[in-house]
1. Given the options Ala16, Ala55, Ala33, name the one that is in contact (Cβ under 8 Å) with a residue 24 or more places away in the chain and open to solvent by 50 Å² or more (accessible area, probe 1.4 Å).
2. Taking into account only those residues within the stretch 9-29 that are in a helix (DSSP H, G or I), in contact with a helix residue (DSSP H, G or I) (Cβ under 6 Å, 6 or more places away or on another chain) and hydrophobic (A, V, I, L, M, F, W, C), which is nearest to Gly81 (Cα to Cα)?
3. Considering only the stretch 30-64, state which residues are assigned to a loop (DSSP other than H, G, I, E, B) and within 13 Å of Pro6 (Cβ to Cβ).
4. Mind checking which residues of the stretch 58-83 are under 16 Å from Val36 (Cα atoms) and exposed (fewer than 11 other Cβ atoms within 10 Å of the Cβ)?
5. May I ask you to list the residues in the stretch 1-13 that are open to solvent by less than 70 Å² (accessible area, probe 1.4 Å) and touching a residue at least 24 places away in the same chain (Cβ under 8 Å)?
Amino acid sequence: MINLAPETVKTYIENALQCDLVRVEDDGRRIRALVVSPAFRGKSMVQQFQLVHGALGDTLHEEIPGLALRTFTPEDWVERGGV
């Protein structure tokens, strides 16, 4: 299994979704991604995750050993004090 660099994962997400913020880190066990996107408005958390998984496509299963994902609409991000 090939592990992708966090910057590569970030690029995949940014190229597929309109994003206000994307942060991707590798904690040594899994990739952690935080995504803030207006595309998440009106969508359930499952639907938001599906959008991000769709952005990563086959890469998710083939090259990312584990993905911890947090998604927010821009409004939810501001409400939670996101910077």
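The values are calculated or read from the model by the stated rules, or taken from the named source; none is laboratory data. Keep in mind the model is a prediction, meaning the values are calculated, not measured. Because the Cβ atoms are built from the backbone with ideal geometry, glycine has one as well, and the counts that use them run over all protein chains shown. Note: accessible area is taken over every heavy atom of the protein model, side chains too, but ligands, DNA and RNA are not part of it. Shrake-Rupley method; radii C 1.70, N 1.55, O 1.52, S 1.80 Å.
1. Values: Ala55 fails: open to solvent by 50 Å² or more (accessible area, probe 1.4 Å); Ala33 fails: open to solvent by 50 Å² or more (accessible area, probe 1.4 Å).
Step by step, each of Ala16, Ala55, Ala33 is checked, and only Ala16 is in contact (Cβ under 8 Å) with a residue 24 or more places away in the chain and open to solvent by 50 Å² or more (accessible area, probe 1.4 Å).
2. Step one: filter the stretch 9-29 for residues in a helix (DSSP H, G or I), giving 9-16.
Going one step further and asking which of them are in contact with a helix residue (DSSP H, G or I) (Cβ under 6 Å, 6 or more places away or on another chain), we end up with 12-13, 16.
So of that shortlist, the ones also hydrophobic (A, V, I, L, M, F, W, C) come out as 13, 16.
Numbers: Ile13: 23, Ala16: 26 Å.
The extreme case among them is Ile13.
3. Filtering the stretch 30-64 down to residues assigned to a loop (DSSP other than H, G, I, E, B) leaves 30, 37, 41-44, 57, 64.
Listed by number, the residues that qualify are Arg30, Ile64.
4. The answer is Glu79, Arg80, Gly81, Val83.
5. Going through the stretch 1-13, the residues open to solvent by less than 70 Å² (accessible area, probe 1.4 Å) turn out to be 4-6, 8-11, 13.
Listed by number, the residues that qualify are Leu4, Pro6, Val9, Ile13.
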